[in-house]
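Working notes for the structure below.
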Amino acid sequence: MTWHNQRTAVAKLATGVPGFDLIGYGGLPEGRSTLLSGTSGSAKTVFACQFLAEGIRRGQTGVFVTFEESPEAIRKNMEGFNWNIPAWEAEGKWAFVDVSPHPGQETIVSGNYDLNALLVRIENAVRKTGARRMSLDSLGGIFAQLGDSGTVRNELFRIVSALKKMGVTSIITAERTEEYGQVSRYGIEEFVTDNVIILRNGLEQEKRRRTIEILKFRGAPHQKGEYPFTVSPNQGVVVIPLSAIELTQKSTDMRIRSGVPELDRMCGGGFFRDSIVLLSGATGTGKTLVTTSFIAGGVESGERCLLFAFEESRDQLFRNATGWGVDFEKMEEVGNLKVVCEYPETGSLEDHLIAMKAVVDEFKPQRIAIDSLSALERVATVKSFREFAIGLTSYIKDKNVAGLFTATSSSLLGGSSVTETHISTITDTIILLRYVEMHGEMRRGVTVLKMRGSTHEKNIREFTIDGNGMHVGKPFRNISGILSGHFIHRPQDEMDRLREMFKEDADGVAQTLNIPGAGDRGR
Amino acid sequence: MSFYLLKLYVTGQTPRSRRAIENLRRICDEELRGQYEMHVIDVLDRPQLAEDEKILATPTVVKELPMPMRRIIGDLSDADKVLLGLDLQSCQLRSDTATRKEEGVDLA
C-alpha cells in the first residue's frame, strides 16, 4: 500500500497555510485536536490565527479561545497580516472565547471547582458560529491562572475530549522551554496525544532559523523531519516543503541564445529552454558581463527577463551594462526586463525565497538571472543555503524558465565556491570563468564543464572583454592546470610534438578500422 | 458595614452547585447580617453572560460590591478563604494564603 492509499484512512482538513498541507499530506487530521508546541516567539499564535483565517477564506467559520493575550491584542497584532478579525466577528465568521487573565481582579480558591463554565462558553461559541475550526492559544495560560493542579489537568482533558465530540478540527498551542527537549510545558501532550506539531526558532551560528516538524499524526501519514518556514507580512506562516517537492519537471530540446554567440557554439547550440546554468568564477572574471549578455540576448529574442542582483546597486548595474553596450533602462521601460536589487542582509533566505517567488509569479519571466547566488550564502547556514538553492531551482524549473546563477569562487586562481558544492548537482549546465596567468599577464578563460543532454566543447578558450561585451577566442594550447590554478606552460615545440603523436595514432586507428575521413580530424 | 452585591455562577443543579449556594448563604447570613444581595446564575441558561463576565470555573462568586471586585472559585467549603475573599479577614491570613497560592499548593 502506498501513502496515496493511506491518505484516505484519516480525513484531512486543508489548513491553507502555504506549504503545510504538502508536508501534512493534505492538512490536519479532521475532527481531531493537534498540539502545536513551540518556544516563546516561535509563531504559535500566528499559526493558530492563520488556521482560522484560511478557514474563513474557504467558507469555514472559526472559534479562537485565548488563554493569554486579550482579544484586543490579537485583533491588533494580526492586522499586519491583513486579517481583519473585527470584520469577521461582525459577520459571525470568527468568535473569541476570552479566557485571558483579568488584571486587578484577585482570584481566591475555596474548595472544589470544575471548568464547566469554560466548556459551556466554547460550546456556545461553536453553536453560534457553526464553527468547524478552533484554536486554543495557549493552554499553558490556564495553569498560570489556576495553578498546576490535578483538577485543572482533569478538566482540560475533559474539554479536549468534548472538542472531539463536537467534530471541530482544533489546534491547541503550548509553550516549551527549550528547542530540543520535552514536548511541552505542564506535559500538555499527555492529554492531547493524537497529533503533535513542533515549531522551532533555533539559533545556529548567530542566525535564527525557523522550522516546523510534524512529530506525529495518529493513524495518518505525513512528511517527517524539520522544514524551514518563515513568517511573511502578507501571508503569515509559509512553510517551505523541500523534500515534498516532486520531480515532475518536463524537459525540452528547445535551445535559447545565451547572448554570446561563441558561448552558444561551445554549448552545442545554446542553452536549453528549461535549464539552470551555473556560472562560476573568481571576482572580476566577467560573471556580471555574461549575466548582462544573457539578459540582453533574452530581451532581443523577445523574452521577458528578470534579474535579481544581490551584489551591486541598480545604478552600478545599469552603468556596467551601458559600458558593454546594453541599455537596461530602456528594456525596463519597454517592459521586457525587471531588475530587483536587494541586499542579502535584508532578510532570511526563507524570506528571500518567498519574495523571489512572488516576483516570478507576478512578472512571469522566461529568463531569470541571479547575480550572485553566493552573496546569499553569507546570511545563512550551509544547511539553510542548500535548502534555499534546492527550493529556488525546483521552483524555477517547474515554471519552464531558463535560469542563470552566478557563483563567486573564493580564490582567484582555480578553486570552487560553496555555492557550487551545494547546487552543482541540481544545475544542468556549469560554465567556468577562470583567470589564466600567462607570461606575467592575466588572461581570462572560459569552459563548459558539463551540459546535461548535449555535447559541448571541452576546450578552455580565451576570452576578452571590450565595449561591445565578451569575445571568445582560441583555446589555450600550451598551458595546462588552469582549473586547478597551478599553471604549467609547455614550449610550443613540445605541444606540436604531442599533437603529432596523437594525430599519428588517430591515423593509425582510422586506417586499421578503415573509417573514411577519420584521418582528416584535427588538421 | 458596607453593602455586598454577590453573583454566584454555577453550572446546572449539581451537588457541587447546591453546596456552593448553601455555603455562601450560610456565611453571608452569619457575617453580613442582611447587608447583602446574592444572585445565583446558571451558566447553562446564560452562556453569553458567562462569556461577557469571563467566567472560567464554576462555581465562581464575583463580589461586585464593595470595591475592589474579587472572585472566589470553588464550592466555598473553606470558609476562611471565603471570608478572605469578602474582605472580612485579617491581613495576616491574607498574606499567608497568598504565599501558599504562589507556591502552587493544590488548593482544590
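Here, each number is a calculation from the coordinates, and none is a lab measurement. Quick caveat, the model's predicted, so the values are computed rather than measured. Cβ: placed from backbone, ideal geometry, glycine included. Neighbour counts: every protein chain shown.
See the values below:
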{"item": "Burial ranking of peptide ranges B:4-12, A:397-405, A:196-204 (average Cβ count within 10 Å, highest at the top)", "result": "A:397-405, B:4-12, A:196-204"}
{"item": "Enclosed volume per residue, in Å³, of the convex hull spanned by Cα atoms of segment A:443-488", "result": "90 Å³"}
{"item": "Within 10 Å of each Cβ in B:13-26, the average number of Cβ atoms from other chains", "result": "1"}
{"item": "Partner chain coverage, peptide A:119-127 - average Cβ within 10 angstrom", "result": "4"}
{"item": "Nearest-20 debye value, segment A:188-322 charge dipole, Cβ charges on Lys, Arg, Asp, Glu", "result": "100 debye"}
{"item": "Segment A:421-452 versus segment A:340-369: alpha-carbon centroid distance in Å", "result": "26 Å"}
{"item": "For A:Arg176, A:Arg133, order by how many other beta-carbon atoms lie within 10 Å, fewest first", "result": "A:Arg176, A:Arg133"}
{"item": "Ellipticity estimate at 222 nm from DSSP helix runs (n ≥ 4, -39,500 (n - 2.57)) divided over the protein assembly as shown, nearest 500", "result": "-10000 deg cm²/dmol"}
{"item": "Fewest-first sequence of A:Thr173, A:Thr211 by Cβ atoms within 10 Å of each Cβ", "result": "A:Thr211, A:Thr173"}
{"item": "Straight-distance crosslink candidates among aspartates and glutamates, where the alpha carbon sits under 13 Å from A:Lys165 and sequence neighbours closer than 8 are dropped", "result": "A:Glu30, A:Glu123"}
{"item": "Cβ-Cβ FRET estimate between A:Lys165 and A:Tyr343, R0 fixed at 56 Å, reported to 0.05", "result": "0.55"}
{"item": "Dipole magnitude of segment A:1-140, debye to nearest 20 (Cβ charges: Lys/Arg +1, Asp/Glu -1, about Cα centre)", "result": "600 debye"}
{"item": "Footprinting exposure proxy for A:Phe476, A:Phe47 (fewest neighbouring C-beta atoms within 10 Å first)", "result": "A:Phe476, A:Phe47"}
{"item": "Peptides ranked, highest mean first, by Cβ atoms within 10 Å: ranges A:452-460, A:50-58", "result": "A:50-58, A:452-460"}
{"item": "Dipole in debye (nearest 20) - chain A, about Cα centre, beta carbon charges: Lys, Arg +1; Asp, Glu -1", "result": "1240 debye"}
{"item": "Label point distance in nm, B:Arg25-A:Glu91, each placed 7 Å from Cα along Cα→Cβ", "result": "5.0 nm"}
{"item": "Under-16-angstrom lysine pairs by C-alpha in segment A:323-441, whenever the two are 8 or more apart or on separate chains", "result": "7"}
{"item": "Equivalent ellipsoid semi-axes - Cα gyration tensor, the protein assembly as shown, angstrom", "result": "72, 22, 21"}
{"item": "Charge-dipole axis of chain A as Lys and Arg at +1 and Asp and Glu at -1 on Cβ define it, positive-most pick from A:Ser411, A:Tyr186, A:Thr151", "result": "A:Thr151"}
{"item": "Span from the segment A:246-324 Cα centroid across to the segment A:48-66 one, whole angstrom", "result": "44 Å"}
{"item": "Shielding of B:43-51 by partner chains, average beta-carbon count, 10 Å", "result": "5"}
{"item": "Inter-site label distance for B:Arg33 and A:Ser484 at 7 Å from Cα along Cβ, in nm", "result": "10.7 nm"}
{"item": "Stretch gain in nm, segment A:Thr193-A:Lys474, where the contour uses 0.36 nm per residue and the Cα spacing is subtracted", "result": "94.2 nm"}
{"item": "Cα lying deepest toward the dipole's positive end in chain A, options A:Val448, A:Gly130, A:Leu353, charges on Cβ", "result": "A:Gly130"}
{"item": "Extension reserve of the A:Ser70-A:Asn234 stretch, reckoned as 0.36 nm per residue once the Cα distance is removed", "result": "56.7 nm"}
{"item": "Taking chain A and dividing mean pair separation by its residue count, relative contact order in percent (alpha carbons under 8 Å, at least six apart)", "result": "13 percent"}
{"item": "Charge dipole of the protein assembly as shown about the Cα centre (unit charges at C-beta), most positive-ward option of A:Ser251, A:Phe310, A:Ser275", "result": "A:Ser251"}
{"item": "Pairwise FRET efficiency - A:Ser410 versus A:His439, Cβ, R0 = 30 Å, nearest 0.05", "result": "0.70"}
{"item": "On Cα atoms only, tilt of A:150-166 relative to the major axis of chain A in degrees", "result": "70 degrees"}
